[in-house]
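A short write-up of the structure that comes next.
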Amino acid sequence: QVWLVESGGGLVQAGGSLRLSCAPSGRTFSRSAMGWFRQAPEKEREFVSAISGSGSTYYADSVKGRFTISRDNAQNMLYLQMNSLKIEDTAVYYCAARPFPMATMEPASYNYWGQGTQVTVSS
């Protein structure tokens with residue numbers, strides 16, 4: 001069975017930084033696409049960032065220039081460095097993975113999901 005476990009969420013003031021981590025277990029995703037999505041209250045889950053199996057990265061316009069996705073294939077880990085956080089970044093952040101190298105922005109194309117970690121940005 002495959003598990004994705006996120007960590008690193010919390011409460012931070014606007015302008016601050018957080019680093020999210022995602023630890024897969026049950027299989028290796030070093031050659032697969034992985035991504036981060038988020039869901040705010042009463043809103044649909046939305047794409048944040050993704051990284052392909054070859055290492056190409058993709059970002060939502062709302063986080064471009066502030067967030068950085070990265071992976072450590074040796075440790076089978078995925079990260080999301082979030083800088084210059086805004087109040088509107090407040091959401092539950094989910095790690096996702098798919099058994100294909102090509103990254104997509106569609107949540108439905110990801111087969112595996114973590115339980116989510118709360119990120120709250122205060123003024």
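Bear in mind that the values in this text are calculations on the coordinates, not laboratory data. Every value quoted in this text rests on a predicted model; they were computed, and no experiment measured them. Cβ sites come from the backbone with ideal geometry, for glycine too, and all protein chains shown count toward neighbours.
The loop-placed GluC sites (Glu not before Pro) in the stretch 1-56, going by DSSP, that have at most 12 neighbouring Cβ atoms within 10 Å of their Cβ come out as 42, 44. Overall size of the stretch 1-69 from C-alpha positions, given as principal axis extents largest first: 36, 24, 24 Å.
In terms of overall dimensions, the stretch 49-106 has a Cα radius of gyration and Dmax of 11.9, 34 angstrom.
Seen from all directions on average, the chain presents a Cα convex hull projection of 6.8 nm². Computed from the Cβ-Cβ distance with R0 of 22 Å, the FRET efficiency linking residue 19 to residue 84 stands at 0.95.
Rounded to the nearest 20 debye, the dipole size of the chain about its Cα centre is 280 debye, using +1 on the Cβ of Lys and Arg and -1 on the Cβ of Asp and Glu. Let's test the formula: R0 of 22 Å, r as the Cβ-Cβ distance of residue 60 and residue 1. What FRET efficiency results, to the nearest 0.05? My answer for the efficiency is 0.15.
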